[in-house]
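Engineer: Okay, here's the structure, questions in a sec.
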Amino acid sequence: RVVLFRDGDFFIAQGLEVDISAQGKTAEEAYERFGVVFDAELREARDTGRSIFDIGPAPLPFRALYEQNDVSRHIKKVA
């Protein structure tokens, strides 16, 4: 799961199960960049014999933000 929110002039895409984030000038750009970062982290984890989940989850405030009704919700599947 990924939470998208505005922070000043930028949008932030923050992973929940994995503490990875990206920013962009639009929500779409932030989400696309999140995908790039997530894929790079996933490759790095696989190349080093780790799990992507070794990074750990996002801090609890991001999970609370996700539960609010005024944020976009997206699913990023782990390959």
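Engineer: Which one of 64, 22 is modelled with pLDDT under 95 and small (Gly, Ala, Ser)?
Structural biologist: 64
Engineer: May I ask you to list pairs of residues, at least six apart or on different chains, whose Cβ atoms are under 7 Å apart, with the first in segment 43-68 being over 13 Å from residue 15 (Cα atoms) and open to solvent by 90 Å² or more (accessible area, probe 1.4 Å) and the second being modelled with pLDDT of 95 or more and outside any loop (DSSP other than H, G, I, E, B)?
Structural biologist: 54/45
Engineer: Going residue by residue through segment 21-35, is there one that turns out to be part of a helix (DSSP H, G or I), closer than 14 Å to residue 56 by Cα, aromatic (Phe, Trp, Tyr) and within 8 Å of the chain's Cα centre (by Cα)?
Structural biologist: No.
Engineer: Which residues, counting only those in segment 14-30, are open to solvent by less than 60 Å² (accessible area, probe 1.4 Å) and not polar (S, T, N, Q)?
Structural biologist: Across segment 14-30, the qualifying residues are 15, 16, 18, 20, 22, 24, 27, 29, 30.
The values are calculated or read from the model by the stated rules, or taken from the named source; none is laboratory data. Computed from a prediction, not measured in an experiment: that's the story for all the values here. In this analysis, Cβ positions are derived from the backbone assuming ideal geometry, glycine residues included, and neighbour counts consider all displayed protein chains. Calculation scope for accessible area: heavy atoms of the full protein, side chains included, ligands and nucleic acids excluded. Shrake-Rupley method; radii C 1.70, N 1.55, O 1.52, S 1.80 Å.
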